[in-house]
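We did not get these values from a lab; they are worked out from the coordinates using the rules stated. The shown structure was predicted, so the numbers you read here are calculated from the model rather than taken from an experiment. Every residue, glycine as well, gets a Cβ built from its backbone with ideal geometry; the counts of neighbours run over all protein chains shown.
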């Protein structure tokens, strides 16, 4: 605990506006009468909210399309998930600190300062509660500091609607009273608009797909999401970053040391000197086996906008053919033939010691000039909010609404600039709805089961766009599946590259970059010669990678098929339980007015 406090104080000293924190009154004395009186004191106190609430993950959360060979209990589901005894996200310390500040703002005599920091605190309170509603549904609403013996600590949960209305009041106050000047590391009006866009879209789609009795109930929140998103698009100084280089602009957005100020609304600032770092580059190059799935790769359109999965034989195309002439973002998310790390001249093929599916992630990988062959901790900024998410929020909110009809102008305002950065043609509303992708994006095997109605086609295409554009960015994917009521996607195939295999031969060799030399050899050990002790003698090869099928590399049909890295791990998503997290048993024991979320066994007798 002392180490964490020391590191946190160093962080505060490094943050803009937090200089001199080490010279101020310790936080355990912040309730003294002399505090909360000046802008400096309020800034120093509120620095803790950033650290407490923006904890990530920002770059590699596990889900149905990004995973490693050892799946987390969350993804495995079933009996691997259980009710925790404590923690589990059911923590309230930061809320108490926010309310302490709000309760004492009257000590500040400067009305403008008072209003600004009320707006900041109310933004953080709305953000805090969005995390709670997202994970637990109904939660108790507290808007004032409570003493440790207050009976209000032991009251039941408020309804989801009650909490959402309080959140809207908080975020609207923040939008109107926070500074409009852009700031990469500080909350502004534009951060607040982005957050309103995010949580209103979540709530609107949650109510639509989780069975609200009145469609207007979902439309209310979808309209608010669309309104906030459009205001952001039309009024904010942010845009979809593009220099006219579709082959690299998307990649560079995530590879710079300092976040791109044209598109990134708010970033997490890391600094190795203060022991604040992350391993996003290591995740792409280190031996951690993190990878994306064939399901994800197959979802990318062809470069001309047609569907890859409409091609005959797409299921059994091998790497070199599968990745040819695709949406340019694919080459900026995973290694494709001819890949060179930024700042390096060496062509690198997928390294199967570093990727469990063969699809090796390159998004977030920094330049060779910055890190060299050091793939360990780095302190590049990581985005928390960026404009592309808000643009996609607008498109989705308009497509999901039943009270108004989405138009081509709506798509041109939102999806078209994102696709244009990648050199992709625009999404056409009439075509998408006339020819929905039933075979892939709408299938139970690869896509989504629950999308219906006249906008089914365009909703599926917006989901495709969201999956691609926001890929490997923290927990977007997990919570998209939760709000769409598509948890069964976690049971879909988690496969990798397809290999035709050696067939009747001893081995099959593959040229991964099309340069005429073999890069990988797969051999069938049952057809190999053996030495005097009966041990298999691998066939000769010049390929740098050689794997024995069924022992060193597992394919779905043993000697052919898709790489199958998690074949021995059972996955199960409980539709009646797993969309919400359980409340810890210790909290249920302390507060007997709380009721456990459906499907979870808490073991507490009332």
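The spread of Cα positions in region 504-559, taken along each principal axis and listed from longest to shortest, comes to 38, 25, 19 Å. Using alpha carbons only, how many degrees (0 to 90, rounded to 10) separate the axis of helix 387-400 from the longest principal axis of the chain? Once rounded, one gets 90 degrees.
The per residue volume of the convex hull around the alpha-carbon atoms of region 217-291 is 194 Å³. Rg/Rh for region 267-413 (Cα atoms only, Rh after Kirkwood) is 1.04. When all alpha carbon pairs of region 385-489 are counted in 5 Å bins from zero, the resulting P(r) reads 2, 12, 24, 26, 21, 12, 2 %.
Annotation for region 414-429 versus region 334-390: alpha-carbon center distance of 24 Å. Once the Kirkwood radius over Cα pairs is known for the chain, the Stokes-Einstein relation at 4 °C and 1.567 mPa s delivers a diffusion coefficient of 50 µm²/s. Here the convex hull built on the C-alpha positions of region 332-425 has a volume of 154 cubic angstrom per residue. For region 95-250, a Kirkwood radius taken over Cα pairs fed into Stokes-Einstein (20 °C, viscosity 1.002 mPa s) yields D = 124 µm²/s.
Which angle from 0 to 90°, rounded to the nearest 10, does the C-alpha axis of helix 160-177 make with the longest principal axis of the chain? Helix 160-177 and the main axis of the chain meet at about 80 degrees.
For the listed peptides 300-311, 43-54, a ranking on the average number of other beta carbons within 10 Å per residue, highest first, reads 43-54, 300-311. If I fit a long axis through the Cα atoms of helix 39-53 and take the longest principal axis of the Cα atoms of the chain, what angle between them do I get, 0 to 90°, rounded to 10? Value to nearest ten degrees: 40. Rounded to the nearest 5, what is the percent of antiparallel bridges among the DSSP beta bridges in the chain? Here the antiparallel bridges make up roughly 75 percent for the chain.
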